[in-house]
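K.L.:
Before I ask anything, let me first share the structure, which is written out below as structure tokens.
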Amino acid sequence: MMKAVRTLLLGSLTLILAACGFHLKGFYEVPSALQRLTLVENAQQPTELGRELIAQLKQSGVTIESRADIRLVIEPARYNRRAVILDSSANAKEYELSGEAGFAIYQGDSIAPAVERRVTALRTVLEQSTGSTDATLSQETLESRYRKEINSALAEQIIRQYLSYVPR
């Protein structure tokens, strides 16, 4: 009896979540008009942001092609590190890592962008250095992880903006 009630409750919860439009982070419902895309990076080599964007787009069911009707052009991301809290010796105790990227959406052979925007993301990092090599390596690893998170957040924002675009 208890097992039947538990199964019924789990089934009801699943139906309620599906009915309210719940979806896992990073999974988007892509309109058919936006399922084919040409991605252009204005950089000499593929960037971390570009690779993250491609992975998230493919995960959402978008096909990256060389000659699609819609072009998404992304500028290289710019990163900044800014001290937020300083101690009495002017050493940073907390700092902010931020990333910013610009992108534009073009339709067909148009040279004028249909959409042109900038996205930003930031993370706050507590300084853990005690002067030792291990602490420095730990801080660099943490900063690298936060930079990946920033790239992921920038890619998510670009995709949400792309999915809100209505082709003519």
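Values in this text are rule-based calculations from the coordinates and carry no lab data. Here the structure is a predicted model, which means the values were calculated and not measured. Cβ sites come from the backbone with ideal geometry, for glycine too, and all protein chains shown count toward neighbours.
K.L.:
Spin-label point model (7 Å from Cα, Cβ direction): what's the Val166 to Asn80 distance in nm?
P.N.:
The answer from the label model is 3.5 nm.
K.L.:
Based on the Cβ-Cβ distance from Leu126 to Met1, what FRET efficiency comes out when R0 is 35 Å, to the nearest 0.05?
P.N.:
0.10
K.L.:
For segment 32-163, with only Lys/Arg (+1) and Asp/Glu (-1) charged at the beta-carbon, what is the dipole magnitude about the Cα centre, in debye rounded to 20?
P.N.:
The dipole of segment 32-163 has a size of about 300 debye.
K.L.:
A further question on this structure: Starting from the Cα gyration tensor of the chain, take the square roots of the eigenvalues, sort them a ≥ b ≥ c, and report rounded, prolate or oblate (rounded when a/c is under 1.5, otherwise prolate if a/b is larger than b/c, else oblate).
P.N.:
oblate
K.L.:
Still on this structure, I have one more. Within the chain, which whole H helices from DSSP have a Cα span along their axis of at least 20 Å and a mean Kyte-Doolittle hydropathy of 1.0 or more, if any?
P.N.:
2-19
K.L.:
Could you work out how far apart the two model spin labels at Ile64 and Glu96 are, taking each label as a point 7 Å from the Cα in the direction of the beta carbon, and quote it in nm?
P.N.:
Each label point is offset 7 Å from its Cα along the Cβ direction, giving 3.1 nm.
K.L.:
Shifting gears a bit: Can you tell me how segment 49-116 classifies by the Cα gyration tensor, rounded, prolate or oblate, using a/c under 1.5 as the rounded cut?
P.N.:
Verdict is prolate for segment 49-116.
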